[in-house]
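Below: the structure, in structure tokens.
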Amino acid sequence: MSDAVIGYDIEFAIDDGTGINFVPLIEVTSIDLPESNTDEVEVTHMKSPNRTKEFIAGLTDPGECSVTINWIQGNATDVELNALKVSGEIRAMKITFEGGTTWTFSGYVKGYKPDAPLGDDMTAVASIRVTGSTAIV
């Protein structure tokens with residue numbers, strides 16, 4: 001029997017600027033979690049064994065994440081994401097999963113794109129650039 005679970009009861013929240021309070025985004029429908037990638041640095045030299053390239057791990061890019069919401073013009077989430085996109089302010093962000101695990105990181109809203117298709121639900125996607133490490137507890 002599988003231990004798989006569905007994506008449900010997950011909260012994406014952004015620090016309100018005080019460094020104390022996280023405010024959840026309203027009507028989140030999807031979270032594309034950040035994917036970090038580590039650069040590779042070539043360190044091959046004239047005596048590398050068997051004429052084979054050698055590499056070491058370089059710096060890690062913490063990546064980006066995106067959050068899709070039901071777009072409700074002018075609600076608190078719409079106003080906040082627009083304001084953060086304009087300001088470029090780095091804020092603490094937290095994703096809380098149903099079992100209580102949290103991913104906390106700093107980031108800024110790199111893009112915010114509402115979509116209003118004919119005869120379908122209106123959504124918006126916030127693209128968030130993660131800066132620094134992600135704490136998973």
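Computed from the coordinates by the stated procedures, all read-outs in this text should not be read as laboratory data. Everything numeric in this text was worked out from a predicted model, so none of it was measured. Positions of Cβ are backbone-derived with ideal geometry, glycine not excepted, and every protein chain shown enters the neighbour counts.
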Overall dimensions of region 54-137 by Cα: Rg and Dmax, Å: 15.5, 56
Dipole-positive endmost among S133, W103, I26 within the chain (Cβ charges, Cα centre): S133
Per-residue HN-Hα couplings for region 56-63 [Karplus 6.51, -1.76, 1.60; θ = phi - 60°; Hz; x = Gly/Pro]: 10, 6, x, 7, 9, 8, x, x
Karplus-derived 3J(HN,Hα), 6.51/-1.76/1.60, for each residue of region 9-17, Hz, glycine and proline x: 6, 10, 10, 10, 10, 10, 4, 7, x
Test item: Cα-centred dipole of region 10-62, Lys/Arg +1 and Asp/Glu -1 on Cβ, debye: 580 debye
The chain: angle of helix 76-87 to the longest principal axis, Cα-based, in degrees nearest 10: 50 degrees
Structure-based [θ]222 nm, the chain - -39500 (n - 2.57) summed over DSSP H runs of at least 4, per residue, nearest 500: -2500 deg cm²/dmol
Label-point separation in nm, F97 to M46, each point 7 Å along Cα→Cβ: 5.1 nm
Amide proton proximity set for E64, modelled H, under 5 Å, gap of 5+: E35, V130
Descending Cα extents along the principal axes, region 1-81, whole Å: 63, 43, 25
